[in-house]
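Colleague: Let me give you the structure first, and then I'll get to my questions.
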Amino acid sequence: MNGALPYWPVSGAKPAFEDLYRAYVDRIYAFLRSQLGSAADAEDVTSQVFMKAFEAYSRFEPRHASPAAWLFQIARNAALDHHRRAGRLERTERALAREPAPSVDPGTVVQERMLYRELMEAVARLPDRHREVIGLRHSGLSFHEVGGVTGCSEDAAKMLYHRALKALRAAVPEATH
Amino acid sequence: MSELDDPGTDELERRLDAAFASTRPRRGFEDELWRRLEARRPWWQRVRLPTQRALPALGGLVGVLLVGFLVVTLLSPGALRGRGAGGAASTTTSAGGAKEELTFGVLPRPAVAPASQATSLGAGQPQPLAPRVPDSAALPAVPPRLPVYRYTASAGPPNGTVFEQAAVPPGLEAAYYPTRPPTDAAGDVAIAAQSLRGRTAEVTVSRARIVYVAVTEGGVGYLEPEYELSGTQKVGETTTAFVARVPALAAEAFR
């Protein structure tokens, strides 16, 4: 799994918003990148997610959902809205065609491109439910949380995830080599 | 992680983990977005005192006594003025602190801790020891007067909000009020500690600094300077750390 999610030791504790932001901004970005296929769109929607979260944080009740599940629920909704607005297929194709070079050091970019870019793009091309469940699971959410965010049971989330893996493996057979 | 007994699937999951872990926004994005979020906050919510974050950790190490405003509970304005050496010191540092010169008028005192936490000093109780302020203590050089800021309460920070001195925003209406020295404020802490414990407490102040505290009354808010004092108090064989805030203004500034 993609590392342990940040943890606040007191059950039901509500961290300062800045702490939540710093802990999750990278993960939300990676999740959105896998959903949208484009770094530029992922940045835009990440900004929207945290703006919404910022506005709603006073109403967030940690007894009802973990901070991670709450943030990823907002991110999932934002990604769906983005797809609805633009038309998913058109958006994804356009994004993949004009994928900009990230402004990180060249060695990292080359390595990421070689190893992972194709995989993230393949995830972005999956059907909605498959794409979501892979994105949420590999962002560090438990199956219970994935089910909560996507509106299904934990068992259904597991089954859906395994189907999504098979579909992804079929789409990028080289990834398993 | 996989429940599928398939090496190919395991490898795919490992690559997905690595792909998600290595996918990060461009350098600088995190701070840029945070600045945009900060800009959406009211100015009084943008400041977080380092001590507000550090106090929970301190609490786990020693029995931190947050005296806070308790001192104010114990000391009425009259008591402050009539407390001997401390009171005298405050008047000597308050350059012409006559009430008629106080531009905003006499000020409301900061909110106080519940009175039930305090035990008033009775006649039969021992008098508090003078606080110890060693030469190594870090005390600020406080001018004879410090600004007090006034704002409309509904458009500013709520009562009790604490600010770094440097974080008070520009543009607020200001008026200068007479101050008292930090050693005088340390005397208040000694009295509070004595009262809390009901026994002789040896208070040692190691650090003092100026912070600003929001005090609202009616439709008006003030940012008033206070000393944030830290150090230790020893009662018997037990030594505990404390952090206390006490007014930095001379007694005549208050009602």
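Colleague: What's the average, rounded to a whole number, of partner chain beta-carbon atoms within 10 Å of each residue's beta-carbon in A:36-45?
Modeller: 1
Colleague: Same structure again: Suppose each label sits 7 Å from its Cα in the direction of the beta carbon; what would the residue A:56-residue B:40 distance come out to in nanometres?
Modeller: 1.2
Colleague: OK, next. Along Cα→Cβ, 7 Å out, is where each label goes; now give me the distance between the ones at residue B:159 and residue A:155 in nm to one decimal.
Modeller: Placing both labels 7 Å beyond Cα along the Cβ direction yields 5.6 nm.
All of the numbers you see were taken from the coordinates with simple rules; none came from a lab. As the structure is a prediction and not an experimental result, all values here were calculated from the model. Here the Cβ is made from the backbone with ideal geometry for all residues, glycine too, and neighbour counts use every protein chain on show.
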